[in-house]
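Written out below as structure tokens is the structure these notes cover.
The values are calculated or read from the model by the stated rules, or taken from the named source; none is laboratory data. For clarity, every value in this text was computed on a predicted model and none was experimentally measured. In this analysis, Cβ positions are derived from the backbone assuming ideal geometry, glycine residues included, and neighbour counts consider all displayed protein chains.
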Amino acid sequence: MKLRNLVRLIASAGYLQVAAAAWAGDQPVAIFHAFNDRYADVEKYVCSVGKQGYSHIQIAPAQKSNPAGDWWARYQPVDFSVIEGRGSEQDLKRLVTTAHSCRVKVIADVVFNHMASMPQYSSLHFPQFGPEDFHQPCDINYSDGNTTTEVACWLGGLPDLDQSRQKVRDIEEAHLTKLMALGVDGFRFDAAKHMDPAIMKLYIDYVDNTSKGNAWNYLEVIQDNDTRADHYQWVAAETDFLLYNSMKRAFTFGGDLRSLRVPEAINDPRSVVFGENHDTIRSLNSYAINAYDDRSDSYLASAYVLAREWGTPLVLGEDNLKVPYLRYGVWFRKTMKERGAAGANVRENVLSVVDSPTVLVMERGAEGFFVENKGTDKFNTPTLDLTLSNIEGCYRELRNNFTVAVERRDTKKWVTRWGTWQRGGMEVEPRDALYFVRESWDRCR
């Protein structure tokens, strides 16, 4: 990621003035994933991220790890007592202090399931662990009707820690304590599906007790034939790969956006939702999970999750940098959250006002609406009947700053202005997403 470009492009949304951010253990408005960035670099742009509307930023794992230069090495721990790799303990403290100064919370990625597979540790003698602290090597069977091997066997040759041992839990809880003492506000637990749910509950309870309920945590749970979302849903929020798969089918070429009127997803408003993450991108991961052939399809999926009421959106920093409409999607979501907290109806509803496999229209009560066109041709209709929706009044599109009017004519509601009074209906450029927020009627005069 080019730091200067990131700061410049985020700052270009400087007209967005920040109101009260999510704070004190609240569910995030949206999480900016500072994927594998050095802590000193994250410190330089974290306040710009906050001005854009993000309430939380997620950082790379902090513990000493495999020193190989690739991102995956951060997910091969060596020593939990040492902060090293993306920055020192002092670098992390400065990042957290700066983030808090602009009311952005910090989520740390933690890797507790396994350790590094480096040759010097082939005897399983690590600085903090010995051979007795690991499960015996075995292969995972993802289709044997139970989760025994998922929990007890080694993940891709990585030595699997045995969290049933008090010593192992004490060492890992000490790492959580160190990070919370530095001001970290919550955690993503990597590879949670490879640890017993009851063990995960112990870690979550430990964080809750230590933080006095002020931390926000979630679990990485990638479903397979044996592991289901409901195995871990009672423990904490989790990654919503069900929704990811639903979106992948809908946004891929030949897919139908009408399927998202009632998408298959985890039934949990806390679940972490994403158009893509570092596990689903082929250029990052040779074992990418259900990857898009065209990553621009995933950007449109990210735009969709930002428009929704349910879920906790996670946006990769590089996507935020290069896809202009995503930055405005974060502000749209923040605005809807604030208006909902003030008592307005901001319920999400994908409307059937356009019967097209490539165009989606979602209302957020009467307070806003979202439109996107995944097609390669401009969508243009001279009339649009919104009678059976909550949308009425004047709305401003956040990125392009044009206004739309929805008015009653006899017994129906129509779009009477789309940018100018010379045209009604709706016009959306190809491969684009638009976010509209209700304004006073004077904006449309």
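The table below lists the values:
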{"read-out": "Pro77 vs. criteria over 17 Å from His278 (Cα atoms) and crowded, with 23+ Cβ neighbours inside 10 Å", "value": "yes"}
{"read-out": "Test set (1) in the same structural domain as Tyr232 (by TED's automatic domain parsing); (2) under 29 Å from Gly393 (Cβ atoms) - Gly275 fails condition number", "value": "(2)"}
{"read-out": "Scope the stretch 390-432; condition out of contact with any Lys or Arg (no Cβ under 9 Å at 6 or more places or on another chain) and small (Gly, Ala, Ser); matching residues", "value": "Gly419, Gly425"}
{"read-out": "Out of Tyr292, Tyr218, Tyr203, Tyr244, sole residue that is surrounded by 19 or more Cβ atoms within 10 Å (Cβ to Cβ), farther than 30 Å from Val323 by Cα, touching a residue at least 40 places away in the same chain (Cβ under 8 Å) and of a type outside the set (Lys, Arg)", "value": "Tyr203"}
{"read-out": "Where a residue in the stretch 115-128 is acidic (Asp, Glu) and its partner, wherever it lies, is in a loop (DSSP other than H, G, I, E, B), with Cβ under 9 Å and at least six apart", "value": "none"}
{"read-out": "For Arg327: the one exception among (1) touching a residue at least 12 places away in the same chain (Cβ under 8 Å); (2) not in a helix (DSSP H, G or I)", "value": "(2)"}
{"read-out": "Strands (runs of 3 or more DSSP E) contained in the stretch 394-435 and holding at least 2 residues in contact with a strand residue (DSSP E or B) (Cβ under 6 Å, 6 or more places away or on another chain) and under 19 Å from Tyr328 (Cα atoms)", "value": "403-409, 426-428"}
{"read-out": "Candidate set from the stretch 366-406 (those that are touching an Asp or Glu at 6+ places or on another chain (Cβ under 7 Å) and either polar (S, T, N, Q) or modelled with pLDDT under 95 (or both)); member that is surrounded by the fewest Cβ atoms within 10 Å (Cβ to Cβ)", "value": "Asn380"}
{"read-out": "Members of the stretch 336-365 found to be acidic (Asp, Glu) and crowded, with 20+ Cβ neighbours inside 10 Å, listed by number", "value": "Glu363"}
{"read-out": "Matching residues, the stretch 65-81, being farther than 17 Å from Leu155 by Cα, in contact (Cβ under 8 Å) with a residue 60 or more places away in the chain and not hydrophobic (A, V, I, L, M, F, W, C)", "value": "Ser81"}
{"read-out": "Residue check for Phe332: crowded, with 19+ Cβ neighbours inside 10 Å and either under 28 Å from Trp216 (Cβ atoms) or assigned by TED's automatic domain parsing to the domain that holds Phe32 (or both)", "value": "yes"}
{"read-out": "Residue match in the stretch 90-98 (condition: out of contact with any helix residue (DSSP H, G or I) (no Cβ under 8 Å at 6 or more places or on another chain) and closer than 22 Å to Asp190 by Cβ)", "value": "yes"}
{"read-out": "Unmet criterion (only one of (1) assigned to a helix (DSSP H, G or I); (2) under 25 Å from Asn373 (Cβ atoms)) for Asp230", "value": "(2)"}
{"read-out": "Residue in the stretch 376-391 that is in contact (Cβ under 8 Å) with a residue 60 or more places away in the chain and not assigned by TED's automatic domain parsing to the domain that holds Arg308 present", "value": "no"}
